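See structure below.
The values are calculated or read from the model by the stated rules, or taken from the named source; none is laboratory data. Just so it is clear, the model here is predicted, and its values are computed rather than measured. Cβ coordinates were reconstructed from backbone atoms using ideal geometry, including for glycine residues, and neighbour counts include every protein chain displayed.
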Amino acid sequence: MSTNNVIIVGGGLSGLTLAYLLQKKNISTTLLEASNRLGGRIETVQAPLGTPLEMGATWFADQHFYLMTLVRELGLQPFPQYAEGIALFQTKSFEPPQQFYVPESEQPSYRLAGGTQMVIDTLAEKLAGTDIRLEAKVTAIQAAANGIEAVLADGSALQAGRAVVCIPPQLAATSIQFSPTLPDSILQLLPAVQTWMAGSVKFAIEYATPFWRNKGFSGMLYSHAGIIMEMYDHCSKEEDRYGFTGFLNGGAAQYSQEVRREYALRQLGDLLREEALHPSAYHDKLWTGAFIADDNPVILRPHQNNGHPLLQQAYMNGALHFATTETATAHPGYMDGAVEAAMRVAACI
């Protein structure tokens with residue numbers, strides 16, 4: 001079987017990393033991304049004052065060896081998450097928040113200078129000669145005479161020696177028809193693999209000044225009382241752009257973005273006073289929809305079936321692989337897992 005060309009389904013971190021690694025081996029790839037952008041669960045938006053605001057994956061740590069290796073190879077700049085100062089813990093809406101002083105961490109988490117999107121954009125630049133197609137939804141993968149064929153929603157079809165599915169397994173189970181049918185074991189497993197970030201509501205806010213730092217606050221907030229569930233300082237590496245990022249509680253998804261903004265700012269105003277009520281930008285994102293899960297996703301336990309051995313096997317006589325972060329054995333669900341999964345599959349092609 002020729003492996004001179006590989007179809008990659010999904011243009012997130014795992015798909016782009018795989019294309020990059022295969023390019024090093026002089027194996028050509030065609031990368032098919034169903035949405036209108038690259039990045040998958042990585043998405044950085046530029047706020048009006050220039051702050052890179054993370055709507056998706058943000059943090060990583062020293063133990064994330066695979067991601068750290070890739071980041072260094074691409075020449076990107078990690079920097080420690082700011083955490084020193086007073087952290088707030090809000091247990092009840094009608095009681096003052098508890099305050100704790102948090103010292104500078106000796107084992108910090110990291111962010112990327114310029115935003116996590118930098119790793120996506122840099123990989124895309126390295127793949128300038130690769131056939132990357134946006135709004136190219138794969139609806140079927142089937143065995144072909146010389147390997148495998150991917151059928152797109154517009155009815156067109158592409159053939160290659162192999163195909164690698166780099167979208168969440170649960171999404172693959174509901175959106176791609178496999179022919180011949182995959183073994184029952186993997187068909188039963190795919191819908192039961194938890195999709196990391198599915199259902200999360202991420203928010204980010206930009207301000208003109210770091211007023212909380214000036215008052216000794218770290219920017220960290222944990223709440224059982226307000227719409228903001230957890231929050232962190234989101235200033236730039238250069239410390240000349242300012243903001244917060246974090247997660248809203250699960251119930252926030254039922255509100256409009258306008259209402260979510262109103263509730264979030266009201267909560268911050270109560271905790272951090274007047275300056276918090278006047279951001280230069282508010283963004284949030286519900287991680288649901290056609291590019292992360294189907295219309296009725298199965299709610300599973302965190303990391304359920306992530307890294308399962310069946311996800312690391314090849315199917316269709318070795319022509320079909322799965323390589324998204326949920327398939328990784330090291331830190332599945334995280335950016336590190338996405339890179340590890342890509343490295344695993346690249347090594348066997």
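Can you tell me how many residues in the stretch 121-152 are exposed (fewer than 14 other Cβ atoms within 10 Å of the Cβ) and farther than 22 Å from Ser175 by Cα? Number satisfying all stated conditions: 5.
Can you confirm whether Leu300 is in the same structural domain as Pro180 (by TED's automatic domain parsing), of a type in the set (A, V, I, L, M, F, W, C), at pLDDT 95 or above and farther than 22 Å from Thr58 by Cα? Taking the combined requirement at face value, the residue does not satisfy it. Counting residues in the stretch 229-240 that are at pLDDT 95 or above, surrounded by 20 or more Cβ atoms within 10 Å (Cβ to Cβ), assigned to a strand (DSSP E or B) and in contact with a Pro (Cβ under 7 Å, 6 or more places away or on another chain) gives zero. The condition (being more than 18 Å from the chain's Cα centre (by Cα), part of a strand (DSSP E or B) and touching a residue at least 40 places away in the same chain (Cβ under 8 Å)) is satisfied by just one residue among Ala225, Ala150: Ala150. Inclusion of Arg273 among residues that are basic (Lys, Arg), over 22 Å from the mean Cα position of the chain (by Cα) and modelled with pLDDT under 95 is warranted. Trp196: closer than 26 Å to Gly12 by Cβ, surrounded by 20 or more Cβ atoms within 10 Å (Cβ to Cβ), at pLDDT below 95 and touching a Phe, Trp or Tyr at 6+ places or on another chain (Cβ under 8 Å), yes or no? Taking the combined requirement at face value, the residue satisfies it. Among the hydroxyl-bearing types (Ser, Thr, Tyr), in the same structural domain as Val165 (by TED's automatic domain parsing) and modelled with pLDDT of 95 or more, is that true of Thr245? Spelling it out, it is not the case that Thr245 is among the hydroxyl-bearing types (Ser, Thr, Tyr), in the same structural domain as Val165 (by TED's automatic domain parsing) and modelled with pLDDT of 95 or more.
In the stretch 159-186, of all residues being over 27 Å from the mean Cα position of the chain (by Cα) and part of a strand (DSSP E or B), the one that is surrounded by the most Cβ atoms within 10 Å (Cβ to Cβ) corresponds to Ala160.
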